[in-house]
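All remarks here apply to the structure that follows.
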Amino acid sequence: MIWNEEFETLPREALEALQLKRLKNLVERVYTAVPYYHKKMDEAGVKPADIKSLADLVKLPFTTKEDLRLNYPFGLFAVPFETVVRIHASSGTTGKPTVVGYTKNDIESWAELMARTLSAGGAHKGDVVHNAYGYGLFTGGLGAHYGAERLGAAVIPISGGNSKRQIMIMQDFGSTVLLCTPSYALNLADVMKEMRVDPKTLKLRVGLFGAEPWSENMRQEIEARLNIMAIDIFGLSEVMGPGVASECIEEKHGLHVFEDFFIPEIIDPETGLPVPPGEQGELVFTTLTKEAFPVIRYRTKDISRLITEPCSCGRTFYRMQRITGRTDDMLIIRGVNVFPSQIEHVLMSIEGVEPHYQIIVDRQASLDVMEVQVEVSESIFSDEIKVLEKLGKKIEREIKDLLGVSCKVKLVEPKTIQRSEGKAKRVIDNRKL
Ligand code: DLL
């Protein structure tokens, strides 16, 4: 069902007029309120008054994760801090997280966007929404939570982990809608099997999965093993959190971008220029309504393409193809964004560790596992086993503390990790999605 007929089915012309009005307002706001954007726009030789049509968007400079890092933690907030009511964060490329803020109105918009998302996936008032996205600094849990309440559903804020208990709650509370990462959905299916729970005896009807890449094959597997319909939902903290784009249950082909809130662009990651319509490239978003943390032309590093053909569901919003990759080396391990540079950051702070390492990712029984192999100095390697074990545990602990995700550390002899002639191959990802 379409949650907001008025906006989700706007004729393109009216939609574009609304976008332009909001874009002008946005540019004016950030130019006035955020010194960093002011300076960047001055350097690019563009003033708010230069934005006369949507085509002028390309005159504005991009925003990147690096800009966020330089302004850590609150430097890009565009409102007085007293009006910020929520702060979330996701992984940065080094030791510091990427921080985002929301005003009361932003939280309202987010609830609306997630209500649309849930509704597009076939959820409705009266549903029992089993929200297994993580609650906390991650945007998944609370973002989906407010949307489900807005929808009029009963939310179970179960968060991630403790799968047996999750399944017991599903049985006892009659969960009808499942929200979690696609890999966790498969993990739940494994645990159900172990517990000899037949998914057909549950009331689950649909699942809205996102926060990490998955494939059509994974969709089919989840649908078959959990006996539900599986929907792809997309978002990122810097732009809002979940609720940026979502599939409709009618087509399950491409994710409608909520274009009255966000303008999507696809650019060539090398040149920064727009690609011809329909071609693949890097997704870029401009937020049209956000107050506390607006972004202009934020480079997601996610690869997709835009589908402009009308959709049978009646929504007029363009669709983005499911994410097919990234332009950088970010990994998503059990829903947590991990940059090899963060692991390097930990390794380099530890005595006796050499700057040669490799990260090996696998999926075992539907769970992501990460092993970090790292060379240690000659003297350490010839030490007692106990010393090595202690060092390995220390690295594991520090990685867990910084990234929030556990891994196994394997210390190896000097010169065992293959040296490369060009770019070092830091990551071996054996997961088959
Ligand atoms: O993952 C927000 C979210 C929560 C989306 C719950 C959907 C459901 P971040 O932690 O900032 O935010 O990570 C954003 O995750 O740039 C993509 O690389 C990846 N990602 C998110 N959704 C999908 C998806 C949340 N459906 C980063 N398919 C993004 C593929 C996805 N990748």
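The values are calculated or read from the model by the stated rules, or taken from the named source; none is laboratory data. Since the model is a prediction, treat every value here as computed from it, not as a measurement. So basically every Cβ, Gly included, is an ideal-geometry build from the backbone, and we count neighbours across all protein chains shown.
Tell me which helices (runs of 4 or more DSSP H) are completely within region 69-173 and hold 1 or more residues being out of contact with any Pro (no Cβ under 7 Å at 6 or more places or on another chain) and within 16 Å of the ligand (Cβ to nearest atom), or say none if there are none.
The qualifying helices (runs of 4 or more DSSP H) are 104-120, 139-151.
Give region 292-319 a look and list any residue that's of a type in the set (A, V, I, L, M, F, W, C) and either within 10 Å of the ligand (Cβ to nearest atom) or in the same structural domain as V372 (by TED's automatic domain parsing) (or both), or say none. Give the derivation first.
Residues of region 292-319 of a type in the set (A, V, I, L, M, F, W, C): 292-293, 295-296, 303, 306-307, 311, 313, 317.
Passing the criteria: only I303.
Looking at region 399-433, which of its residues are more than 22 Å from the chain's Cα centre (by Cα), surrounded by 16 or more Cβ atoms within 10 Å (Cβ to Cβ) and at pLDDT 95 or above?
Scanning region 399-433 gives a single hit, V409.
Checking T176 against (1) away from the ligand (no atom under 15 Å from the Cβ); (2) in contact (Cβ under 8 Å) with a residue 60 or more places away in the chain; (3) touching an Asp or Glu at 6+ places or on another chain (Cβ under 6 Å), which single condition isn't satisfied?
The one condition T176 does not meet is (2).
Given the residues R299, R315, which is the only one that is at negative phi, touching a helix residue (DSSP H, G or I) at 6+ places or on another chain (Cβ under 9 Å) and part of a strand (DSSP E or B)?
R299
Which numbered condition trips up R12, out of (1) surrounded by 15 or more Cβ atoms within 10 Å (Cβ to Cβ); (2) within 16 Å of F262 (Cβ to Cβ)?
(1)
Just to be sure before I move on: is E247 away from the ligand (no atom under 15 Å from the Cβ), buried (at least 22 other Cβ atoms within 10 Å of the Cβ) and in contact (Cβ under 8 Å) with a residue 40 or more places away in the chain in the structure I sent?
Numbers: away from the ligand (no atom under 15 Å from the Cβ): no; buried (at least 22 other Cβ atoms within 10 Å of the Cβ): yes; in contact (Cβ under 8 Å) with a residue 40 or more places away in the chain: yes.
It is false that E247 is away from the ligand (no atom under 15 Å from the Cβ), buried (at least 22 other Cβ atoms within 10 Å of the Cβ) and in contact (Cβ under 8 Å) with a residue 40 or more places away in the chain.
Pairs please, first residue from region 337-355 and within 16 Å of the ligand (Cβ to nearest atom), second anywhere and assigned to a helix (DSSP H, G or I), Cβ atoms under 7 Å, 6+ apart in sequence or on different chains.
V338/L403; Q342/L402; Q342/L403
Assess whether M330 counts as being surrounded by 13 or more Cβ atoms within 10 Å (Cβ to Cβ), under 30 Å from V257 (Cα atoms) and modelled with pLDDT of 90 or more.
When the stated conditions are applied, M330 passes them.
For region 183-219, which positions are in contact with a Ser or Thr (Cβ under 9 Å, 6 or more places away or on another chain), under 19 Å from T117 (Cα atoms) and within 15 Å of the ligand (Cβ to nearest atom)?
Of everything in region 183-219, those that are in contact with a Ser or Thr (Cβ under 9 Å, 6 or more places away or on another chain), under 19 Å from T117 (Cα atoms) and within 15 Å of the ligand (Cβ to nearest atom) turn out to be A185, V206, L208, F209, G210, A211, E212, P213, W214.
When you go through (1) more than 12 Å from the ligand (Cβ to nearest atom); (2) touching a residue at least 12 places away in the same chain (Cβ under 8 Å) one by one for T271, which number turns out not to apply?
So T271 meets the others, but not (2).
Just one of the numbered conditions (1) under 20 Å from S53 (Cβ atoms); (2) away from the ligand (no atom under 13 Å from the Cβ); (3) at pLDDT 95 or above is not true of P277; which one?
Result: P277 fails condition (3) only.
Looking at region 65-105 only, could you name the residues that are surrounded by fewer than 16 Cβ atoms within 10 Å (Cβ to Cβ), within 29 Å of L273 (Cα to Cα) and either in contact with a strand residue (DSSP E or B) (Cβ under 7 Å, 6 or more places away or on another chain) or of a type in the set (S, T, N, Q) (or both)?
Passing the criteria: Y72, T94.
Which members of region 115-133 meet the condition of being among the charged types (D, E, K, R) and within 20 Å of L255 (Cβ to Cβ)?
Listed by number, the list holds a single entry, R116.
Of all residues being over 17 Å from F285 (Cβ atoms) and acidic (D, E) in region 233-272, which is nearest to the chain's Cα centre (by Cα)? Just the residue, please. Full working, then the answer.
Start the filter on region 233-272 by keeping residues that are over 17 Å from F285 (Cβ atoms), which leaves 247-253, 270-271.
Checking the rest, the ones that are also acidic (D, E) come to 247, 250-251, 270.
Values: E247: 15, E250: 24, E251: 22, E270: 22 Å.
Per the stated criteria, the residue is E247.
If a residue has to be free of Cβ contacts under 8 Å to residues at least 60 places away in the same chain and either among the β-branched types (V, I, T) or closer than 27 Å to T93 by Cβ (or both) to count, how many in region 277-300 make the cut? I'd like the intermediate steps shown before the answer.
Initially, region 277-300 is screened for residues free of Cβ contacts under 8 Å to residues at least 60 places away in the same chain, giving 277-283, 285.
When the remaining residues are screened for being either among the β-branched types (V, I, T) or closer than 27 Å to T93 by Cβ (or both), the result is 280-283, 285.
Selection size over region 277-300: 5.
Conditions tested, residue by residue: (1) under 28 Å from the mean Cα position of the chain (by Cα); (2) modelled with pLDDT of 95 or more; (3) among the hydrophobic types (A, V, I, L, M, F, W, C).
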residue	(1), (2), (3)
Y36	yes, yes, no
K39	no, yes, no
D42	no, yes, no
A49	no, yes, yes
P61	yes, yes, no
G75	yes, yes, no
E82	yes, yes, no
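Conditions tested, residue by residue: (1) in contact with a helix residue (DSSP H, G or I) (Cβ under 8 Å, 6 or more places away or on another chain); (2) of a type outside the set (S, T, N, Q); (3) modelled with pLDDT of 95 or more.
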position	(1), (2), (3)
T117	yes, no, yes
H124	yes, yes, yes
S159	yes, no, yes
M168	no, yes, yes
D172	no, yes, yes
C180	yes, yes, yes
